[in-house]
Amino acid sequence: MNQRTKLWITGSALVASAVFLFLQTFILPNVPRIANGDQGIHLSLAARMLDGQLIYRDYDHFPLPGTDVLYFVLFKLFGVRAWIAPMMLILLGVSIAWLSLKLSEKVMSGPIVFLPPCLFLTLPFTGFLDATHHWYSALAGTAALLVVIEKRTKARLVWSGVLWGVATCFAQSAVVGALGTAVFLIWEHHRVTQRGHLLLQKEACFIGSLVATVLAFNAYFIWKAGPKQFLYDTVVFLAKYYPADTFNQWGVYMADPPSIHSYSQWPNVAAFLLVHLVVPLVYILFFVRYWRQAGSHPEEPWDRLLLLSLTGLCLFLSVVHSAGFMRMHTISLPALILLVWFLKAPFKTERVLLRGLWAMTLGLAIARPVITQTRWNEFLDLPTGRTAFADYPVLYYKCKWVSERTHPGDYFLDDPQICFALRLRDPSRVPFLRPTEYTRPEEVRDAVQELARLHVRFVGWYASLENEIADPTGDHLGPLRAYLREHYHVAKKFSNDDEIWERND
């Protein structure tokens, strides 16, 4: 295959990927789907930044501010629009798919290099279509790996460190993924018998550029909020209170599989099973094969494969303490590349499995867009633009009910998706409340004070705030419940038992 043909095929594949993702993030002809999930939190917080507030100083959130800053810049350029998050999902998916193709070409050859990006797009990426901080971190981390996959010169290590620093500015856990490169440099040093000072120089270039990038990006926020508040939100809170919710604990691994009773979830079931079967098993299998075959099969690019495996294993370790399926999806790419590398062997079992994976990706490439375009959906004309509520009937009825009774700029407590979609303002310092130690007593007191000071008309109250109280001693929402009972009444109850409370006066 000549270079021109290869470029044409690659370009066509990327265009097809963009079309595939468009059909899942927009309802034809061009209506964006509602920004549900974690992305709604970042979008609502970025809108607060646009209104003059600043993370850590005026509101609290534990990630480093990369995602909020990115959406803030996009809002400044294009306005607060509903299409921004789904468009970013398309850019994210196509970019990571292209990077995965380039990584695959470093360890394999032939048409098989297109399988890892196809697997990635049709399974883990579309199984977690949420433009949240994890995916932006994954994009930067994948680029950082690609920079050093061939050579580890000082210049390449500096650029890789910068990219890992960018990844960390979206999600602190990315710094664990960067350890894969640091460990690989030690292995490479001993394998080729380099001088000790060269290893120190390379590690300094890599780690120094990573640390410098993180400090430079966060310096403004540290200055404005103060070092103490910055460290509390990004370090202390994560260590002490983040694990209070069950979805941030060890037991969440494989604990919440997609339902097999809804046909629209069947592709997500396939993604869930593949990711959890492959990660981390494929890394264990690779290290066994490396130990047994590295000396007898010199034709394989063992150094590149080892760097890929160490990085993937470290990424898995970065989420293992709370390895829900969403986090597992975002760190699965190195494992998918290794899986395909395993299956390129010319044996019958491998050939059958390889054909099965190709067939599955082709089927999902057709099924996923068809499901998205044909399942239940309704539309609303909102302050952020016309929006589709595909497969989210309760959220549709909530937005419709609240939109008929509020105006942009009004206050609304405890629903970041609705706050963003309707351009409402959240009076609290935190984007949502929980009946666990995750929500601190001072945050509840602040919410009550703001409700009283601003005479907030509507409060969203999730059913989970009542039925997920695992430890009553960790539930600090009592003062807020008492204030609601005294000054509010239930104005609307939805089919999932979520409620909207309205102020009495």
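Every number here is computed from the coordinates shown, using simple stated rules; none is lab data. All values reported here derive from a predicted model rather than from experimental measurement. Please note: Cβ atoms are built from the backbone with ideal geometry, for glycine as well, and neighbour counts cover all protein chains shown.
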Exercise for the section: Let me have the 222 nm mean residue ellipticity of the chain computed from DSSP H runs of 4+ only, each contributing -39500 (n - 2.57), with the sum over all residues rounded to the nearest 500. Expected result: -19500 deg cm²/dmol
Completion exercise
Expected vector for the range 20-30, Karplus 3J(HN,Hα) from phi with 6.51, -1.76, 1.60 and θ = phi - 60°, integer Hz, x for Gly and Pro, equals 4, 6, 4, 6, 10, 10, 10, 9, 4, x, 7
Exercise for the section: Quickly work out the Ala204-to-Ile9 label distance, labels modelled 7 Å from Cα along the C-beta direction, and quote it in nm with one decimal. Expected result: 4.6 nm
Handout entry: For His276, His197, His321, His134, order by how many other beta-carbon atoms lie within 10 Å, fewest first
Key = His197, His321, His276, His134
Handout entry: Nearest 10 degrees, 0 to 90: helix 333-343 Cα axis against the chain principal axis
Key = 40 degrees
Problem - Rel. contact order, % - alpha carbon contacts under 8 angstrom, at least six apart, the range 393-503 - result: 26 percent
Completion exercise
In degrees rounded to 10, the 0-90 angle between helix 441-454 Cα long axis and the longest Cα principal axis of the chain is 50 degrees
Practice task
Give a quick list of GluC sites (Glu not before Pro) in the range 338-425 that DSSP marks as loop, anything other than H, G, I, E or B, with at most 10 other Cβ atoms within 10 Å.
Solution key: Glu404
Problem - trypsin sites (Lys or Arg not before Pro) lying in DSSP loop within the range 146-189, provided at most 15 other Cβ fall within 10 Å - result: Lys151
Exercise for the section: Fewest Cβ neighbours within 10 Å first, please rank Asp505, Asp60 accordingly. Expected result: Asp505, Asp60
Completion exercise
Measuring from the longest principal axis of the C-alpha atoms of the chain, the long axis of helix 478-487 (C-alpha) lies at a number of degrees, nearest 10, equal to 40 degrees
Fill in the blank from the handout: Rh_Kirkwood(the range 347-489) over Cα pairs, Å, one decimal, evaluates to 18.3 Å
Exercise for the section: Quick one: Debye curve from the alpha-carbon atoms of the range 179-282 only, equal weights, vacuum; give me log10 I(q)/I(0) at q = 0.22 Å⁻¹ to two decimals. Expected result: -1.05
